[in-house]
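Below you'll find the structure, written out as structure tokens, and then a few comments.
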Amino acid sequence: MKSPFKWVIALLFVSATAAVPASETNLSRQAAEYTPNVSFTLKTAIGKFGMAFVGEGGAIDGVINPELHVKSGDVVQITLVDGDGAQHNIFLPDFNAHSDDITGPGASTVIVFRADQDGTFAYFCSILGHRQAGMEGKLIVGEGKPVPVMSDVADISRDPTDVPPPVGDRAAKTVHVDLDTVELRGRLADGTSYNYWTFNGKVPGPMLRVRLGDTVVLRLSNEASSRMIHSVDLHAVTGPGGGSSLLQVPPGETRSMTFKALKQGLFVYHCATPMVSNHIANGMYGMILVEPEGGLPPADWEFYVMQREIYTTGAFGQHGYQEFDVNKLLDEQPEYFVFNGAVGALTKNHPLKAEVGDSVRIYFGVGGPDFTSSFHVIGEMFDEGWLWGATASAPIRELQTVSVPPGGAFIGEFRLEVPGRYILVDHALSRVEKGLAGYLEVSGDSNPEIYRSGN
Ligand code: CU
Ligand code: CU
Ligand code: CU
């Protein structure tokens, strides 16, 4: 089996079967009936530039990650050849065109699809990390107008500075809290929308802040335009269902309940209407901070950050409106992981900002519904942190990564010594590739004693 000739035969066979997979979607079966009228060959390469697709033949010969220009309606064939021996594939999520993985020098695969929409679309290798290492190019269909960023779609991402003022040093009292449940079409990523279910129109819902011993009167209104009953279960509530047994609110109605905050700490709240995981997955969660007598110590900056995963019918990166996928939820196979509701919420839309010398406190929680976060800030350690948000216990000192379960929380603090960009992640880092990252931008003078280049 070592002779090159046999390799070629074997590869031709692999290519031929890969081009017409027997058990594929309708789209691929249709694709198999198409006669391609434009074809490209791309060869993978690893070099100084990182990883790339390199054009073979025609106008794209030798071009790294070439732009592939086609006409609207063309049936496009792309042959991918493994030029470096590593495992690769090619994926165009907007056309649901996903090749097999190929491994070994000279191995190849073919995808065929119809360019049935005009615009500029990404092609990339979906092996973890390869897109980030450089394996990404553009398919230009027709005039190649970029995919609209859906400016008509709501920004549902919660600004992390949207934190209520500290309770300070006051006696316990009665406080009133209003929550509105709102179902709306929101931006999931650039060019991608999702039908969110929210508290007050943002994800996560508003951070609530009360004092130990307060009596809380909570009013929950469900918008008339809602299609679902909604409710709220606060982990800070003592009583069956955490409030949800009293607050199942049909569309267009309002109910209220009263509870006494008996325990201090940072607690998650969420909708608890069946199917509960579906309501959480669509965005219905937030946190309530019950401060101790005298309040928490002051911090220069307080940020409110929550993690969650999203289950869409379309693959990660596919443009257009995305439906919720109940089977992926039940199988715990999310397409997206996000902070504060959407891809880019804490990088493009609302990065965290502070200055050298400032103290930063992050109220962090996980809506889930299913995935535990290994919360970490790249380039920092928490000077102090209250595990699980349990402020009745002493904080733990000098922490790196903290495990925060679904329906759980964490309060972490650090003082900033060195300027630059710090990245909030779940240290299960594959999730960065599915949208999960946040920036903390720190301005101020450099501090070479602590951090510098060279010696
Ligand atoms: Cu690759
Ligand atoms: Cu709900
Ligand atoms: Cu719960």
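Tell me the residue from E433, E380, E417 that is part of a loop (DSSP other than H, G, I, E, B) and over 20 Å from P160 (Cα atoms), please.
Numbers: E433 fails: part of a loop (DSSP other than H, G, I, E, B); E380 fails: over 20 Å from P160 (Cα atoms).
Only one candidate passes the filter, namely E417.
Among the candidates V232, V175, V141, which residue alone is of a type in the set (V, I, T), surrounded by 22 or more Cβ atoms within 10 Å (Cβ to Cβ), more than 22 Å from P406 (Cα to Cα) and away from ligand 1 (no atom under 16 Å from the Cβ)? Spell out the reasoning first.
Details: V232 fails: more than 22 Å from P406 (Cα to Cα); V175 fails: surrounded by 22 or more Cβ atoms within 10 Å (Cβ to Cβ).
Going through V232, V175, V141 in turn, just one is of a type in the set (V, I, T), surrounded by 22 or more Cβ atoms within 10 Å (Cβ to Cβ), more than 22 Å from P406 (Cα to Cα) and away from ligand 1 (no atom under 16 Å from the Cβ): V141.
Starting from region 245-264, take each residue that is on the phi > 0 side of the Ramachandran plot and list its partners that are of a type in the set (F, W, Y) and crowded, with 19+ Cβ neighbours inside 10 Å, counting only C-beta distances under 8 angstrom and pairs at least six apart or across chains.
No pair meets every condition.
Among the candidates S193, S231, which residue alone is within 16 Å of ligand 3 (Cβ to nearest atom), touching a residue at least 12 places away in the same chain (Cβ under 8 Å) and touching a strand residue (DSSP E or B) at 6+ places or on another chain (Cβ under 7 Å)? Before the answer, list the steps.
Values: S193 fails: within 16 Å of ligand 3 (Cβ to nearest atom).
The match here is S231.
Cβ-Cβ distance below 8 Å, separation of 6 or more or different chains: which pairs start in region 125-140 with a residue that is within 10 Å of G50 (Cα to Cα) and of a type outside the set (K, R) and end on one that is within 16 Å of ligand 3 (Cβ to nearest atom) and at pLDDT 90 or above?
none
When region 84-111 is examined, which residues are found to be in a loop (DSSP other than H, G, I, E, B) and either free of Cβ contacts under 8 Å to residues at least 24 places away in the same chain or away from ligand 1 (no atom under 11 Å from the Cβ) (or both)? Write out each step before concluding.
Narrowing region 84-111 to residues in a loop (DSSP other than H, G, I, E, B): 84-87, 89-90, 96, 99-101, 103-107.
Passing the criteria: G85, N96, D100, T103, G104, P105, G106, A107.
Name the residues in region 384-432 that are more than 22 Å from the chain's Cα centre (by Cα) and basic (K, R), would you?
R397, R415
For region 324-357, which residues satisfy the criterion of being of a type in the set (F, W, Y) and surrounded by fewer than 21 Cβ atoms within 10 Å (Cβ to Cβ)?
Let us first name the residues in region 324-357 that are of a type in the set (F, W, Y), namely 324, 336-337, 339.
Passing the criteria: only F324.
L296 versus (1) closer than 20 Å to L208 by Cα; (2) touching a strand residue (DSSP E or B) at 6+ places or on another chain (Cβ under 6 Å); (3) in a loop (DSSP other than H, G, I, E, B); (4) among the hydrophobic types (A, V, I, L, M, F, W, C): which is the lone unmet condition?
Tallying (1) closer than 20 Å to L208 by Cα; (2) touching a strand residue (DSSP E or B) at 6+ places or on another chain (Cβ under 6 Å); (3) in a loop (DSSP other than H, G, I, E, B); (4) among the hydrophobic types (A, V, I, L, M, F, W, C), L296 fails exactly one: (2).
Among what's in region 46-63 and is without any contact (Cβ under 8 Å) to a residue 60 or more places away in the chain and part of a strand (DSSP E or B), pick the residue that is nearest to the chain's Cα centre (by Cα). Full working, then the answer.
Start the filter on region 46-63 by keeping residues that are without any contact (Cβ under 8 Å) to a residue 60 or more places away in the chain, which leaves 46-48, 54-63.
Still in the running and part of a strand (DSSP E or B): 46-47, 54-56.
Details: I46: 28, G47: 30, V54: 30, G55: 32, E56: 35 Å.
Residue satisfying both the conditions and the ranking: I46.
In this structure, is Y321 surrounded by fewer than 19 Cβ atoms within 10 Å (Cβ to Cβ) and not in a loop (DSSP other than H, G, I, E, B)? Reasoning before the result, please.
Details: surrounded by fewer than 19 Cβ atoms within 10 Å (Cβ to Cβ): yes; not in a loop (DSSP other than H, G, I, E, B): yes.
Spelling it out, Y321 is indeed surrounded by fewer than 19 Cβ atoms within 10 Å (Cβ to Cβ) and not in a loop (DSSP other than H, G, I, E, B).
Which one is farthest from ligand 1 (Cβ to nearest atom) among residues in region 112-130 that are outside any strand (DSSP E or B) and more than 14 Å from L42 (Cβ to Cβ)? Reasoning before the result, please.
Just the residues of region 112-130 that are outside any strand (DSSP E or B), to begin with: 115-118, 125-130.
This time we only want the ones that are more than 14 Å from L42 (Cβ to Cβ), so: 115-118, 126-129.
On the way: A115: 23, D116: 26, Q117: 25, D118: 27, S126: 8, I127: 4, L128: 9, G129: 8 Å.
Looking at the filtered set, the residue picked out is D118.
Which one of these does Q77 not meet: (1) in contact with a Gly (Cβ under 6 Å, 6 or more places away or on another chain); (2) assigned to a strand (DSSP E or B); (3) surrounded by fewer than 20 Cβ atoms within 10 Å (Cβ to Cβ)?
If we test Q77 against (1) in contact with a Gly (Cβ under 6 Å, 6 or more places away or on another chain); (2) assigned to a strand (DSSP E or B); (3) surrounded by fewer than 20 Cβ atoms within 10 Å (Cβ to Cβ), just (1) comes out false.
Given the criteria free of Cβ contacts under 8 Å to residues at least 40 places away in the same chain, touching a helix residue (DSSP H, G or I) at 6+ places or on another chain (Cβ under 9 Å) and either within 13 Å of ligand 2 (Cβ to nearest atom) or closer than 30 Å to Y336 by Cβ (or both), does L289 qualify? Quick ask: steps written out before the conclusion?
Working: free of Cβ contacts under 8 Å to residues at least 40 places away in the same chain: no; touching a helix residue (DSSP H, G or I) at 6+ places or on another chain (Cβ under 9 Å): yes; either within 13 Å of ligand 2 (Cβ to nearest atom) or closer than 30 Å to Y336 by Cβ (or both): yes.
Considered against the rule, which asks whether it is free of Cβ contacts under 8 Å to residues at least 40 places away in the same chain, touching a helix residue (DSSP H, G or I) at 6+ places or on another chain (Cβ under 9 Å) and either within 13 Å of ligand 2 (Cβ to nearest atom) or closer than 30 Å to Y336 by Cβ (or both), L289 comes out as no.
The values are calculated or read from the model by the stated rules, or taken from the named source; none is laboratory data. What you see is a predicted model, and the numbers here were worked out from it, not measured in a lab. No Cβ is skipped: glycine too gets one built from the backbone with ideal geometry, and neighbour counts run over all protein chains shown.
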